[in-house]
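This report refers to the structure that appears directly beneath it.
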Amino acid sequence: MTASENLSALKRCYELWNDTKGGSVDAWLDLFADNIDFKSLAMAQDPAIDFTKPSQGKAEVIQYLEGLKSDWSMDHYTIADYVVDGNTICAFGSTAWTNKKTGKYMDTPKLDYIKFENGKIVFFFEFYDTASLISCACD
C-alpha cells in the first residue's frame, strides 16, 4: 500500500474509534499485522493499569484492548493532525476517558507513532499523560 492508502485506512480507524466510543476493536485488529509490536507509555507502572504492559502480537493487543474497555469509558478520541513520512505516521490529538471503577475523568493530549509494512501496522507506540491515567485508575 502507498503512504496515502495507509493514511486513509488509519483515519478511518480513528474516526470509527471515536464514533463508536471504542467499540470498533475489529477495525483496529484488521489493520494490525499478526506480529504487531504495541507499546503504551505507561507500560504497567501500577497494577491498576496492568493492561498497558507491552504487547507482542494480536493476541496480546486484544488483552490490552479488553483491559482498556473493561476499566474505562471513552468520552472522545480526536485526532487533529497527521504527519506522514513514508511508512511512518504520527497522529496527534487528544482523548478523554472515565475510569469505570473510580469514576475519575481524564482528558489528555495523545500522540501515536505508527509504522506500516505491506498495508498493516507493525509498530504502535502511544504517548499520553501517564500521571493522569494512574491517578484516575487508583482509588
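Please treat every number below as a calculation from the coordinates, not as lab data. As the structure is a prediction and not an experimental result, all values here were calculated from the model.
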In µm²/s, what is D for the stretch 30-130 at 20 °C and 1.002 mPa s, where D = kT/(6 pi eta Rh) by Stokes-Einstein and Rh is the Kirkwood radius from Cα pairs? 151
Using the Kirkwood radius over Cα pairs of the stretch 13-67, the Stokes-Einstein translational diffusion coefficient at 20 °C and 1.002 mPa s, in µm²/s and rounded to a whole number, is 183
In degrees between 0 and 90, to the nearest 10, how far off the longest principal axis of the chain does helix 58-71 point, with axes built from Cα atoms? 40
For the table Lys53/Lys110; Lys21/Lys120; Lys39/Lys69; Lys69/Lys110; Lys69/Lys101, the rows whose alpha-carbon distance is greater than 21 Å are Lys21/Lys120
Relative contact order for the stretch 3-137, counting Cα pairs under 8 Å that sit 6 or more residues apart, in percent: 24
